[in-house]
Amino acid sequence: MAKVPVAPMIDGLKVTFDNLFRPPTTIQFPEERRPEQARERGMPVLRSFPDTGECRCVACGLCEVVCPGHCLEVHAQPEGGDRRVRILEAYILDASHCLFCGYCAAACPVEAVVMSDIQDMAGFSRRNMIFDLQQLMELGRRFEPTYQATKGAVEFRLPDPDTESGRLLENKPLDLSEGPVERPTPVAVPVRSKSV
Amino acid sequence: MEWYYPFIVLAKVVIVLIGVSLAAYINVYFFRKELGRMQSRMGPNRVGPEGLLQSLADAVKMLIKEDTIPADSDRLLFKIGPALLIIPIFVAFAVVPFSNDWSFGQTVLHPVISNTNVGLLIVLALTSMGVYGVVMGGWASNNKYGMMGSLRASAQMISYEVTLGLSVIGVVMLAHSLNLGDIVEGQASGTFATWYIVRQFPAFIIFFAGIMAESARPPFDLPEAESELVAGYHVEYSGARFFIYQTAEWSAMLLWVCVAVILFFGGWLPPFGALSFIPGWLWFIAKCYALIFTIIWVGATWPRIRYDELMTLNWKVFLPIGIANFFIVAAWKTIAASLGVGV
Ligand code: SF4
Ligand code: SF4
């Protein structure tokens, strides 16, 4: 006769029955979100000077070069034929294949392109994924207060041993004694409308 | 016989047909919700309030989808497979009494389409027809998964039908009747102590396992084991025919649950005489859903058993218990009769 493990079977029934009265762990995503983490990043945006409204970008093209997704295009126009002076003419981000890696922000010498917190980028057309200079600057203006507030907390650069912060980041010992990090409780937040 | 008698029967047929189909959809919702909560999920909650319309949306989706027939299939068998499964099950509902009699003045209305004296036999006979639909569907698909599924289904259903039939013999002997209504009345005494689940507990366990195996619910869901056979015998079906298979499965479960409530849980009888102000059909529905809850609960907890375990359980455990139960009841009745004691 087959051996039937009766006691574990009944234990299992208890577990499932208890689960029935436990609140589900699901987070109803668009209506309900986890609080954003300091290290979370969204699409890159362009910052501008608040007084003049001009874009901070100096059209050096470094971001275009480092971008692993080849999704940035920096078009600079030489002013008056002088090839040493570059003026930003167009800046195009094809976010459909942006990795949110942050290399562009790390490469930018003037903190013009920065990683924002914009992540709701789903759209019905691929055209919606392509952002031009004006759109990126508008998003940057909206992001500016958050950028100022989280500037220190958000570290997008890779640890660079030549800098103080890089050394700190690299040598920082991992403190595991406090046990696992507690999960923040989900909160309901208003749905952000699709930007631009 | 009054002139309106055929119309009453027709009305009952329509009501039962609609009620059973509706209940099948409610069961699907209930199943998903309960399973979800047992797995710390939400279950359906997007379509309609609390996801109540999810089953309806699925039904509409399945009905308007393309109905494909595999190129090398046996087209005739492929088409009649689903019908062969669902028709016997819906026909079997004709003998199921859903409540005690309603009387309107002089007129008495039996809430059963056909109050036949061999109701239980008809249910057993018709449900054993269902296996042909399953076998045909799996065979005609010309698909190895479908084939395996239908082979498993036929072996499993035929094996468990044996013990299922054996387990109800005790009840039939105690009730002196094969009429489902009479079986319920045979349990009436005011309390639940005379329900056959108390007097026939081993038989109930066998019957319960049998109905789970017949309606292919986990842990007996080998005919459609997703992880091994994709979907088993209906793997090639789509659209309306798949919908018919699904409906048939859920109505089969409902049918078996109704029969279990009638045979073992006193049908529409209240558990205590003091609770008899609640109408009988409410008791019936409540008991049915308690059983459905248990079936889903067990399915959400226990893993699928291995095929040889399935057969061992049936032939080496349930069958001897069933036969022993049969002889014990027979002996008990004979002794009681010779002593002049009623059972
Ligand atoms: S985040 Fe990375 S992939 Fe996206 S634009 Fe910047 S460098 Fe390119
Ligand atoms: S790296 Fe910065 S300054 Fe250079 S082109 Fe990119 S955004 Fe402009």
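Within 10 Å of each Cβ in peptide B:154-160, how many partner chain Cβ atoms are there on average? Round it to a whole number, please. Walk me through the numbers on the way to the answer.
Numbers: counts 0, 0, 0, 0, 0, 0, 0.
Neighbouring Cβ atoms belonging to other protein chains average 0 per residue here.
From the backbone phi of the range B:197-204, what are the Karplus-calculated ³J(HN,Hα) couplings (6.51 cos²θ - 1.76 cosθ + 1.60, θ = phi - 60°) in whole Hz, Gly and Pro given as x?
5, 6, 7, 10, 4, x, 4, 5
Give me the one-decimal nm value for the distance between modelled label points at A:Val110 and B:Ile205, 7 Å along each residue's Cα-to-Cβ direction.
Once both label points are built, they end up 8.2 nm from each other.
Using only Cα atoms and rounding to the nearest 10 degrees, what angle (0 to 90) does helix B:119-140 make with the longest principal axis of chain B?
10 degrees
Roughly what would the spin-label model give for B:Leu56 and A:Ile87, points 7 Å off Cα along C-beta, in nm?
6.4 nm
In whole Å, what is the distance between the alpha-carbon centres of the range A:131-149 and the range B:45-72?
Here the answer is 44 Å between Cα centres.
Within 10 Å of each Cβ in peptide B:272-279, how many partner chain Cβ atoms are there on average? Round it to a whole number, please. Working shown, then result.
On the way: counts 0, 0, 0, 0, 0, 0, 0, 0.
What the average comes to for B:272-279 is 0.
Provide the net charge surrounding B:Asp67, with neighbours chosen by a C-beta distance below 15 Å and charges set as Lys +1, Arg +1, Asp -1, Glu -1. Walk me through the intermediate numbers first.
On the way: positive: B:Lys61, B:Lys65, B:Arg75, B:Lys79, B:Arg241; negative: B:Glu66, B:Glu236.
Residues close to B:Asp67 contribute a combined charge of +3.
For a quick protection proxy, order the peptides B:240-252, B:178-190, B:58-70 by their average other-Cβ count within 10 Å, most packed first.
Working: B:240-252: 21.5, B:178-190: 19.8, B:58-70: 13.8.
Per-residue mean Cβ counts within 10 Å order the peptides as B:240-252, B:178-190, B:58-70.
How many angstrom separate the Cα center of the range B:127-170 from the Cα center of the range B:290-343?
First find each Cα centre; the distance between them is then 20 Å.
Provide, as a two-decimal number, the C-alpha radius of gyration of the protein assembly as shown over 2.2 N^0.38 Å, N being how many residues it has.
Compared with the compact-globule rule of thumb, the protein assembly as shown sits at 1.41.
Counting only helical runs of four or more DSSP H residues, what would the 222 nm mean residue ellipticity of the protein assembly as shown come to if each run contributes -39,500 (n - 2.57) and the total is spread over all its residues? Numbers along the way, then the final one.
Numbers: 18 runs with 271 residues, N = 539.
Theoretical 222 nm ellipticity from helices: -16500 deg cm²/dmol.
If R₀ is 35 angstrom, what is the calculated FRET efficiency for the pair B:Ile8 and B:Phe326, using the beta carbon separation as r and rounding to 0.05? Intermediate results must be reported in sequence, preceding the final value.
On the way: r = 39 Å, r/R0 = 1.11.
Computed FRET efficiency for B:Ile8 and B:Phe326: 0.35.
Averaged across B:300-312, how many Cβ atoms of other chains sit within 10 Å of each residue's Cβ atom?
Working: counts 7, 10, 5, 2, 0, 2, 1, 0, 1, 2, 1, 1, 2.
Mean number of neighbouring Cβ atoms from other chains: 3.
Can you give the extra length, in nm with one decimal, that the chain gains between B:Leu63 and B:Ser338 once fully stretched, where that is 0.36 nm per residue apart less the Cα-Cα distance?
Values: separation 275, 0.36 × 275 = 99.00 nm, distance 6.10 nm.
That works out to 92.9 nm of additional length.
According to a simple spin-label model (label point 7 Å from Cα along Cα-to-Cβ), what is the distance in nm between B:Ala71 and A:Phe21?
The two pseudo-label positions are separated by 5.8 nm.
Please work out how many pairs of lysine residues in the protein assembly as shown are eight or more positions apart (or on different chains) and have Cα atoms closer than 19 angstrom.
Step by step, the pairs that qualify in the protein assembly as shown add up to 5.
Expressed as a whole number of Å, what is the distance separating the alpha-carbon centroids of the range B:213-230 and the range A:41-62?
Between the Cα centre of the range A:41-62 and that of the range B:213-230, the gap is 60 Å.
Give, as ranges by residue number, the residues of the range B:189-213 whose backbone N falls under 13 Å from the point 7 Å along Cα→Cβ of B:Phe272.
Residues passing the 13 Å test: B:191-193.
How tilted is helix B:239-264 with respect to the longest principal axis of chain B? Cα atoms for both, answer in degrees (0 to 90, nearest 10).
Between the helix axis and the principal axis of chain B, the angle is about 20 degrees.
Which of rounded, prolate, oblate describes the range B:17-166, given a ≥ b ≥ c as roots of the alpha-carbon gyration tensor eigenvalues and a/c under 1.5 marking rounded, otherwise prolate only if a/b is larger than b/c?
oblate
Below 14 angstrom from the Cβ of A:Val74, what's the summed charge of the other residues (Lys, Arg +1; Asp, Glu -1)? Mind dumping the intermediate values first?
Working: positive: A:Arg56, A:Arg86; negative: A:Glu64, A:Glu73, A:Glu89, A:Asp94, A:Asp132.
Its environment carries a net charge of -3.
Each value in this text was obtained by applying a stated rule to the coordinates, not by laboratory testing. Bear in mind the structure is a predicted one, so any value in this text is a computation, not a measurement. Neighbour counts are summed over all protein chains in view; Cβ atoms, including those assigned to glycine, are modelled from backbone coordinates with ideal geometry.
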